[in-house]
Every structure is written in C-alpha cells, then in structure tokens.
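Taking it in order: structure first as structure tokens, then the write-up.
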Amino acid sequence: MRRNTEDEALKELEIENGLTLVPRVKLNLTVYPSTPLTLTHPIDDWKMKRALIDFLSTSHSLSLPEDHLQLTRRRDTKKRKRQDPVASGTLHVWDLSFLQTEDHLRAWRTRLAESIDGIELNLQGVKFKLAVTVPVSDDFEAIKKDWEHFYAFQNRGLSRVKREPDTIVLRGLPSRWFAEPRVSSKPSMLVTHTIFSTFGKIRNLNVAEDDDLGKDADEDGGDLVSGLYCKIVVQFEKYRDFHDALRVLCGRSLQKQGSRLKADYDVSWDKDGFFRNSRNQAQEKNDTVSTIAADHYRSEAPRHQAHISRHSPENVRRRRFKE
C-alpha cells in the first residue's frame, strides 16, 4: 500500500466532487536589496520577473511561462525599512515529466532551491538578492519527522500505549469547491465529508470559513472578501489513512473540473488537539450553564418557598376561619 502511495506522488489524483490533486514544485521567493537601502520608487516587478525567468532559462534550462512565476512588489516605499524586502512571490513548476519518483522530485527541488537562493539580480542599476525556501507544508518528510519527534517526547515514560497523530489541518481552500452546487457558496459538511472519505474512514470533521488567512499577507494585496476560503480539520480513524492522506496532500495543488485555476493550500498535522479541546470547551460551557442555573435555583428557592407559604391553602383557610 505504501509503495503504491509513493509511486502515485507524481501523478494527478482524482478525488470526489470533480476535484483533482495536481503535483507540482513550489518555491517561495523573497527579494531584498543586496545592501540595506532606501528606495524612492517601487521596483518594476515585471522587469524583475523577466530577469528571473531569463536566469532560470540560461542557467537551468528551465523554461517557465510568465504566469508560473508570481511576484508582488511592495508599493509603499515610505513604510518600508532599509532591510525589509521589496517584493515576494512564488515559483511553480507544473511539468514534472522528467522526474520518475518522489525521491527524484525531492532531490531536484532541493537542488533548484539551493542553486537560486542568494543569487543577485541587477535591476535599474540596483542589485537585489533572492531568498528561496520550500514551503513547510510541501515537505512531507520534514512534517513526519516533526510529529515523530513530538510523540517520542510525549510518549517517553508516560504510557505504554504508543500515541500517533490522526488529524490533518488544511487552510486556504476555495470555499465554493466544497459547497453544494446551486444551494450555497459556503462549504458544506456533507460535501467535504464525501471528498475526504476518499482517503479513509473519518472520525471527526470540522469545516469553517478561513477569513484570517490573508491578514498577514502583503499590504498591497487588497481587501479580502469574506468567505472566499475555508479551513478544514479532518480526523481519521486510522493512523495509516492519516499518513497516506497527508503524503498525497503535500506538494500538490487543487483543481476543479472545468476550471483553469490551480489552488494552493497549506496543510499540516494537528498537534494542539483540535477536537479534544473543542469537546472540553463544549463541556466547560455546559458546566458553566449548569452551575449558573443551579446558583439561580438556590437563590430563588427561599423566596419561592416563602411565596408558597404565604399563599398556601392552609393559610387561606386560617384567615377565612378567623373572619
């Protein structure tokens, strides 16, 4: 089973609801001045993009269409500090036909990132340096080492039962792709459950809008429209299903049938106990409500009893007898 999962790492994987997971190489790019300086005008991001594409073509024989390299400049130069970046973006490589296995992909991605990290680009008489990183959520082996180290420490001397992760967290997914067609644009629990059941039996599922996704984005990115993205937390019954699902989700983008858009997303494992904390919060809320109700009952009981004693049938008859 595991061998098949690894062999499928470079293949498109069709899942439910017309969705396909498309393999790709993605690198995060950040452009800094070679020496700290104050810019009086924003850089020309198109010229910066062309310079980088030409460099990749001549030095790596890598031909990239312009839309595979996204670069966004920082336009407000007055707010920028001398050591701050002037632009940031992403580089995508979609044609991976020259790679045979997942190991080849990882090795080639590492070489590519290392070879262009730190290069200098001359633009408008000013030298800029490029910083390149592989997204954390694209490196499955690093994520796996993270949870193995986490649970090795957690399990040490505490319990004979081996603890393993079982919950995946995804952010930045297009909400409309997980919605019920012609019913709502909001993500549907039923549709989402159907999609992720492709990977195994689900124990718990949570779907919510992810409006916080762009709060830390570039200030020139514009205002986010609420509800565009969703956050999905899915807990599997078995560790193996969790493991294989996360392996497949790392290093891919999501594409909807009939759409040219390939949507990136962040994927990670849940080390904070999302569903356990949710249950605890719900229990605490119920306990609080019960406590308030009990206190209210105790405070009201004496007055209620006094009210009953004043108007009980016995007292009524006694007064009527005296009359």
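If a residue has to be outside any loop (DSSP other than H, G, I, E, B) and either at pLDDT below 95 or of a type outside the set (Val, Ile, Thr) (or both) to count, how many in segment 203-247 make the cut? Going through segment 203-247 one residue at a time, the tally reaches 24. For segment 251-276, a tally of residues being in a loop (DSSP other than H, G, I, E, B) and under 19 Å from Trp177 (Cα atoms) returns 7. Scanning segment 143-181 for residues that are closer than 28 Å to Val207 by Cβ and assigned to a loop (DSSP other than H, G, I, E, B), we see that the one that is modelled with the lowest pLDDT is Arg163. So, in segment 121-152, of the ones that are touching a Ser or Thr at 6+ places or on another chain (Cβ under 6 Å) and of a type in the set (D, E, K, R), which residue ends up least open to solvent (accessible area, probe 1.4 Å)? Here the residue is Lys129. Screening the candidates Lys11, Lys49, Lys26, Lys79 for the property of being in contact with an Asp or Glu (Cβ under 9 Å, 6 or more places away or on another chain), under 30 Å from Trp177 (Cα atoms) and either of a type outside the set (A, V, I, L, M, F, W, C) or modelled with pLDDT of 90 or more (or both) yields one hit, Lys26. Please tell me if Leu112 is surrounded by 12 or more Cβ atoms within 10 Å (Cβ to Cβ), of a type outside the set (Phe, Trp, Tyr) and either touching a Cys at 6+ places or on another chain (Cβ under 6 Å) or not in a strand (DSSP E or B) (or both). Here the answer is yes, as Leu112 does meet what is asked.
The values are calculated or read from the model by the stated rules, or taken from the named source; none is laboratory data. Since the model is a prediction, treat every value here as computed from it, not as a measurement. Neighbour counts run over all protein chains shown; Cβ positions are idealised from the backbone, glycine included. Please note that ligands, DNA and RNA were not included when accessible areas were found on the heavy atoms of the full protein model with its side chains. Shrake-Rupley method; radii C 1.70, N 1.55, O 1.52, S 1.80 Å.
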